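First comes the structure, then the notes that go with it.
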Amino acid sequence: MKQKILTMLRESKDYLSGQEICEEMHVSRTAIWKVMEQLREQGYEIEAVRNRGYRLVSVPDVITAEEIMSRIKTKRLARKVVFLPKTDSTNLRAKRYSEDGGEDGLLVIAGEQTKGRGRRGRDWSSPAGDDIFMSLLLKPSLEPKSASMITLLTALSVSAAIEKVTNVKTKIKWPNDVVVNKKKVCGILTEMSSELDFIHYIVVGIGINVNAKEFPPEIEKMATSLYLEQKEKARVNRSELICTLMEIFEGYYEQFLETGDLSFVMEEYNKKLAGFGKKVKIMGEEKTEAGISRGITKTGELVVEFPDGSTREVLSGEVSVRGLYGYV
């Protein structure tokens, strides 16, 4: 009921009468009043005027399933949302939901993670209250080799969503980070359960540093937040950012399912690619090489040109890529 009332308040161009809500919801005015009080306790500013009704004045930076569902405009992704105030890892949770019959497009969001993970098993700091920790469950009809391209689509979507919601300009550090001023603001961890030629599910984990005001000393030189990077320091509404991200990603994802590759976004992605046309380090397990980043292929590999003029298409699972003198 709370979700439906929030949706009605958002969609109303004027005051929404209590009687109209009662007739739509088939509940009493007392029940409506109780929901309004619950919303006010969560930080929503709701104006009530006798003989006119209710009007939504302002919305807090709060993440709940009701808040997301009342504002999202996707067709099929994130049409079901699970919000967990605290969990081990949204990726782990999404995997469990999938194994229990969770539907394609399920979005799992946590207020706090105790075992957040990044690429190559690195820890991802996940304190409560400021940032976004979420995982999207996908069940596409694709070959397993195509799964890594979804990471690049996600990064492109995060970049576009951030720029739409804030005044912060972003770049993408291939293959799974979004950066601002050469510092990491988002990490993406894509995991998959598959057989030789069949995907059971893909879980796309997304962590975004949104409203954090500081970072531990060991990462403050390579991490930042949207709050810190804004010209005018103000909290970013995380639910708005989540919904914008899901709507943008759905558009890219639907095209990807039709084309089967990234040909339709190669030019856009390469414009966003941090280090494009510049020297980068290719850091493998056994050796590190230097070359020039020449952008991605239509299947998501990074093309690197070496000093002898040769080029190689680098796979994301093989190496880490960094700038010649730093993280980017």
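The values are calculated or read from the model by the stated rules, or taken from the named source; none is laboratory data. Being a predicted model, the structure only gives us computed values, none of them experimental. Glycine gets a Cβ as well: all are built from the backbone with ideal geometry, and neighbour counts include every protein chain shown.
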Quiz item: Here are some residues: Ala160, Ala147, Ala155. Which one is at pLDDT below 95 and crowded, with 17+ Cβ neighbours inside 10 Å?
Solution: Ala147
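Residues are listed down the side, and each one gets a yes or a no for (1) modelled with pLDDT of 95 or more; (2) within 24 Å of Ile109 (Cβ to Cβ); (3) among the acidic types (Asp, Glu):
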| position | (1), (2), (3) |
| --- | --- |
| Glu11 | no, yes, yes |
| Gln19 | no, no, no |
| Cys22 | no, no, no |
| Leu39 | yes, yes, no |
| Arg52 | no, no, no |
| Leu56 | yes, yes, no |
| Ser70 | yes, yes, no |
Quiz item: Which of the residues spanning the stretch 297-316 are part of a loop (DSSP other than H, G, I, E, B) and either at pLDDT 80 or above or farther than 16 Å from Ala155 by Cα (or both)?
Solution: Thr297, Lys298, Thr299, Gly300, Glu301, Phe306, Pro307, Asp308, Gly309, Ser310, Leu315
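Is it the case that Tyr54 is in contact with a Leu (Cβ under 8 Å, 6 or more places away or on another chain), aromatic (Phe, Trp, Tyr) and either in the same structural domain as Gly251 (by TED's automatic domain parsing) or crowded, with 16+ Cβ neighbours inside 10 Å (or both)? I'd like the intermediate steps shown before the answer.
Details: in contact with a Leu (Cβ under 8 Å, 6 or more places away or on another chain): yes; aromatic (Phe, Trp, Tyr): yes; either in the same structural domain as Gly251 (by TED's automatic domain parsing) or crowded, with 16+ Cβ neighbours inside 10 Å (or both): yes.
Yes; evaluated as a whole, the condition is true for this residue.
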Practice problem: Considering (1) under 30 Å from Leu142 (Cα atoms); (2) in a helix (DSSP H, G or I); (3) out of contact with any Ser or Thr (no Cβ under 8 Å at 6 or more places or on another chain), say which one Leu245 fails and leave the rest. | Solution: (3)
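Is the stretch 278-286 home to any residue that is without any contact (Cβ under 8 Å) to a residue 24 or more places away in the chain, basic (Lys, Arg) and not in a loop (DSSP other than H, G, I, E, B)?
no
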Exercise. Filter the stretch 266-277 down to residues that are without any contact (Cβ under 8 Å) to a residue 60 or more places away in the chain and assigned to a helix (DSSP H, G or I) and give me whichever is surrounded by the fewest Cβ atoms within 10 Å (Cβ to Cβ).
Key: Glu267
Exercise. For the stretch 257-280, state whether one or more residues are basic (Lys, Arg), at negative phi, outside the structural domain of Val81 (by TED's automatic domain parsing) and touching a Leu at 6+ places or on another chain (Cβ under 6 Å).
Key: yes
Quiz item: Hey, Asp104 hits all of (1) modelled with pLDDT under 95; (2) farther than 21 Å from Val180 by Cα; (3) assigned to a loop (DSSP other than H, G, I, E, B) but one; which does it fall short on?
Solution: (1)
Quiz prompt | Search result, residues across the stretch 26-51 that are surrounded by 15 or more Cβ atoms within 10 Å (Cβ to Cβ) and closer than 21 Å to Ser239 by Cα | solution = Val35, Met36, Leu39, Tyr44, Ile46
Self-check item: Cross-chain or 6+ apart pairs with Cβ under 6 Å, the stretch 150-166 first and in the same structural domain as Leu189 (by TED's automatic domain parsing) and touching a residue at least 12 places away in the same chain (Cβ under 8 Å), then part of a helix (DSSP H, G or I) and acidic (Asp, Glu)
Solution: Val165/Glu240
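From the list Val108, Val35, Val82, pick out the single residue that is of a type in the set (A, V, I, L, M, F, W, C) and out of contact with any Lys or Arg (no Cβ under 7 Å at 6 or more places or on another chain).
Values: Val108 fails: out of contact with any Lys or Arg (no Cβ under 7 Å at 6 or more places or on another chain); Val35 fails: out of contact with any Lys or Arg (no Cβ under 7 Å at 6 or more places or on another chain).
Checking each option against the conditions leaves just Val82.
Does the stretch 251-262 contain any residue that is more than 30 Å from Lys80 (Cβ to Cβ), in contact with a Lys or Arg (Cβ under 8 Å, 6 or more places away or on another chain), surrounded by fewer than 20 Cβ atoms within 10 Å (Cβ to Cβ) and charged (D, E, K, R)?
No, because not a single residue in the stretch 251-262 is more than 30 Å from Lys80 (Cβ to Cβ), in contact with a Lys or Arg (Cβ under 8 Å, 6 or more places away or on another chain), surrounded by fewer than 20 Cβ atoms within 10 Å (Cβ to Cβ) and charged (D, E, K, R).
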Exercise. For the stretch 217-228, indicate whether the set of residues that are in a helix (DSSP H, G or I), at pLDDT 95 or above, in the same structural domain as Glu250 (by TED's automatic domain parsing) and crowded, with 21+ Cβ neighbours inside 10 Å is non-empty.
Key: yes
Exercise. May I ask you to say which residue of Glu11, Glu23, Glu103 is exposed (fewer than 15 other Cβ atoms within 10 Å of the Cβ) and over 30 Å from Tyr252 (Cβ atoms)?
Key: Glu23
Exercise. Output the residues belonging to the stretch 6-40 that are free of Cβ contacts under 8 Å to residues at least 12 places away in the same chain and either at positive phi or among the hydroxyl-bearing types (Ser, Thr, Tyr) (or both).
Key: His26, Ser28, Thr30
